[in-house]
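The values are calculated or read from the model by the stated rules, or taken from the named source; none is laboratory data. Values in this document were obtained by computation on a predicted structure and should not be read as measured data.
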Amino acid sequence: MEALYLLIPLSVILVFVALWIFFRAADDGQFDDLVGPALRILQDDDRPPADPQ
């Protein structure tokens, strides 16, 4: 029972830290474009550039 007096506040603090990290990443633009990089690899062109003559 005495362990709960330590574990419950620690778990609440851990949840608030995780939420703070998530919202900070969201504010910094970490999750702005999730589809673009995945599609960019599919549009990669392996042909050499044309000779400008």
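Take the conditions at pLDDT below 95, charged (D, E, K, R), within 18 Å of the chain's Cα centre (by Cα) and assigned to a loop (DSSP other than H, G, I, E, B) and apply them to Asp44. Does it pass?
No, not satisfied.
Name the single residue that is nearest to the chain's Cα centre (by Cα) among those in region 6-37 being assigned to a loop (DSSP other than H, G, I, E, B) and aliphatic (A, V, I, L, M).
Quick first cut of region 6-37, residues assigned to a loop (DSSP other than H, G, I, E, B) only: 28-35.
Retained after the next criterion (residues that are aliphatic (A, V, I, L, M)): 34-35.
Working: Leu34: 9, Val35: 13 Å.
By that ranking, first place goes to Leu34.
Among the residues of region 7-41, which ones are at pLDDT below 95 and of a type in the set (A, V, I, L, M)?
Of everything in region 7-41, those that are at pLDDT below 95 and of a type in the set (A, V, I, L, M) turn out to be Ala25, Ala26, Leu34, Val35, Ala38, Leu39, Ile41.
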